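Colleague: If you scroll down you'll find the structure; I have some questions about it.
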Amino acid sequence: MKKFALVLSGGGFKGAFQIGALTYLKENWSTLFPGQEEMKFDIVAGVSVGSLNGALIASKKFDELVETWRAIGENGVEEIYTSEFINTRSNSETLELDINFESLVRRFVPNLNVKVSFWDGLRLLFSQSRRDRFLFDILANAQQEFGDNFQKFRALANNDPLDQKLQKLLRREDIQDMVYKCGFVSLDSGNYYSLESQDFLSDRDFQKGVLASSSMPIVWEPVPRIQTRQETDIKNSVDGGIRNNSPLGDVIEEINKDKSSAEYQIIIINCNTLDTIAEDFDKANIAQIALRSLTDITLSEIFNNDLEEFLRVNDILEQIKEAQPDLKIFNYDFRTRKRTKEQLQTFQSLIIQPDVGTLGDTLVSTKALYNRRIAHGREKAMELVKKIQASKGNYRFLIS
């Protein structure tokens with residue numbers, strides 16, 4: 001018996017690539033896997049945008065997922081977030097900040113008031129000392145207010161539109177006969193949480209868990225509080241991708257719990273490329289530097305390391321199996337410094353990932369970018385399907 005596990009990486013609005021790939025797989029599922037009439041997964045795990053996409057797939061709401069992305073493609077990023085500092089209505093395929101004096105005053109010094117009466121104005125006009133004192137008082141008050149408001153400044157954007165969509169679409173009861181896991185990190189504890197839908201205390205907590213998994217630090221605020229059956233107060237949670245951008249470990253852990261004799265096929269859809277695109281950052285501001293460091297470099301590197309380690313261990317196990325078919329190899333727990341009772345096994349895996357320079361900026365979505373991402377997802381899935389057919393099922397892993 002064959003079972004299927006789906007791993008979805010992070011990648012912001014590049015997540016449309018996953019929709020294109022999954023749509024093609026869905027259309028060709030019975031051809032790819034004879035005896036399997038429709039695309040169905042036994043385990044789905046994701047972080048960041050992969051958590052969002054995975055939640056709706058696990059809920060058997062693929063059509064609603066496609067429609068959500070179609071709306072993003074048509075209407076842009078404001079379907080997901082709004083911002084005082086990011087130009088959310090630009091047609092540019094790179095992130096454009098929209099920071100000006102008025103927006104800064106409105107955000108950080110909203111009570112700044114420089115109104116003076118006619119007679120006070122005359123006194124200021126003819127008295128240098130009065131002007132100095134007047135400006136000093138204004139600046140002192142502005143400094144105090146700026147300091148107070150800057151302490152409360154937690155994000156460049158507001159993802160309430162995404163939260164509202166999640167509240168309409170996600171219910172724990174919709175996920176049946178399968179395992180769905182989303183990953184997020186608590187800033188307070190530093191712990192990574194990989195939770196099933198039923199681990200959350202309520203539907204609202206489930207929705208907040210997926211929201212947290214999609215909340216890139218700096219871009220969106222941490223989710224203040226999530227309640228689960230194991231831990232009643234997980235505080236200030238953000239994108240799980242900062243620790244675990246490809247939750248392969250979560251999937252393998254679930255597979256190891258399965259006591260059946262099923263053979264698992266792992267399908268990994270990565271929104272990021274193995275190589276980071278070179279850009280000129282000589283004139284970049286602090287926000288651009290932070291976003292580049294987090295979204296384009298750190299998250300991609302975490303995924304690449306995770307994927308590289310998975311394939312490396314899988315290949316080593318294959319070599320051992322060829323040399324000594326009956327030898328059992330057990331996992332090693334780094335924290336306890338001891339060998340575990342968990343026996344390592346090899347997996348068939350299919351990996352779909354984009355070509356370098358095709359998907360654009362993580363935080364940008366235009367109609368042209370959306371269409372390109374969907375089309376490229378389909379293209380890379382089709383490329384993988386051809387490799388599967390050429391191999392006649394004789395493979396351990398294939399990469400598009």
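Colleague: Which lysines have a Cα lying under 26 Å from the Cα of Lys392, excluding residues fewer than 8 positions away in the same chain?
Modeller: Partners found: Lys2, Lys3, Lys26, Lys40, Lys321, Lys380.
Colleague: I've got another one for you. Tell me, in nm to one decimal, what length is gained between Phe62 and Lys40 on full extension, where the rule is 0.36 nm per residue of separation less the Cα-Cα distance? Present the calculation step by step, with values, prior to reporting the outcome.
Modeller: On the way: separation 22, 0.36 × 22 = 7.92 nm, distance 1.09 nm.
So the extension gain works out to 6.8 nm.
Colleague: Shifting gears a bit: Once the Cβ-Cβ distance between Leu327 and Ser30 is put in as r, and R0 is 35 Å, what FRET efficiency do you end up with, to the nearest 0.05?
Modeller: 0.40
Colleague: One-quarter of the Cα convex hull surface for the stretch 18-77, in nm²? Can you show the working numbers first?
Modeller: On the way: hull surface 17.5 nm².
Mean orientational projected area (the stretch 18-77, Cα hull): 4.4 nm².
Colleague: Can you give me the solvent accessible area of Thr346 with a 1.4 Å probe, rounded to the nearest 10 Å²?
Modeller: 30 Å²
Colleague: Taking the full set of protein chains and a 1.4 angstrom probe, give the accessible area of Tyr192 in square angstrom, rounded to the nearest 10.
Modeller: Using a 1.4 Å probe on the heavy atoms, I get roughly 50 Å².
Colleague: Whenever you get a sec, line up Lys2, Lys235 from highest to lowest accessible area (probe 1.4 Å, protein heavy atoms).
Modeller: Ranked from most to least accessible, the order is Lys235, Lys2.
Colleague: Calculate, for Ile316 and Asp355, the FRET efficiency according to 1/(1 + (r/R0)^6) with r their C-beta to C-beta distance and R0 25 Å; round to the nearest 0.05. Walk me through the numbers on the way to the answer.
Modeller: Details: r = 28 Å, r/R0 = 1.14.
Rounded to the nearest 0.05, the efficiency is 0.30.
Colleague: Across the stretch 322-400, what fraction of all alpha-carbon pairs, as a whole percent, falls in each successive 10 Å bin from zero upward?
Modeller: Values per bin, smallest distances first: 15, 26, 22, 22, 13, 1.
Colleague: Would you kindly find the accessible area of Arg229, with a 1.4 Å probe and non-protein molecules such as ligands, DNA and RNA excluded, rounding to the nearest 10 Å²?
Modeller: Counting only protein heavy atoms, Arg229 exposes about 140 Å² to solvent.
Colleague: Let me ask something else. In nm, to one decimal, how far is the modelled label at Glu231 from the one at Ser189, with both set 7 Å along Cα→Cβ?
Modeller: 0.2 nm
Colleague: Using each residue's phi in the stretch 267-272, evaluate 6.51 cos²θ - 1.76 cosθ + 1.60 at θ = phi - 60° and report the 3J(HN,Hα) Karplus result to the nearest Hz, with x for Gly and Pro.
Modeller: Once rounded to whole Hz, the list reads 10, 10, 10, 9, 7, 10.
Colleague: May I pose another question? Where does each of Val313, Val385 land when they are ordered by accessible area, with a 1.4 Å probe and the largest first? Mind dumping the intermediate values first?
Modeller: Numbers: Val313 50, Val385 10 Å².
Solvent-accessible surface, decreasing: Val313, Val385.
Colleague: By how many nm would the segment from Lys2 to Gln176 grow when fully extended, if each residue of separation counts as 0.36 nm and the alpha-carbon distance is taken off? Kindly include the intermediate steps, with their values, before the conclusion.
Modeller: Values: separation 174, 0.36 × 174 = 62.64 nm, distance 1.85 nm.
My answer for the length gained is 60.8 nm.
Colleague: Sorting Ser349, Ser260 by accessible area (1.4 Å probe), largest first, what list results?
Modeller: Numbers: Ser349 0, Ser260 50 Å².
If we order Ser349, Ser260 from most to least accessible, we get Ser260, Ser349.
The values are calculated or read from the model by the stated rules, or taken from the named source; none is laboratory data. Just so it is clear, the structure is predicted and the values come from calculations on it, not from any experiment. Cβ coordinates were reconstructed from backbone atoms using ideal geometry, including for glycine residues, and neighbour counts include every protein chain displayed. What goes into the accessible areas is simple: the full protein's heavy atoms, side chains included, and nothing from ligands, DNA or RNA. Shrake-Rupley method; radii C 1.70, N 1.55, O 1.52, S 1.80 Å.
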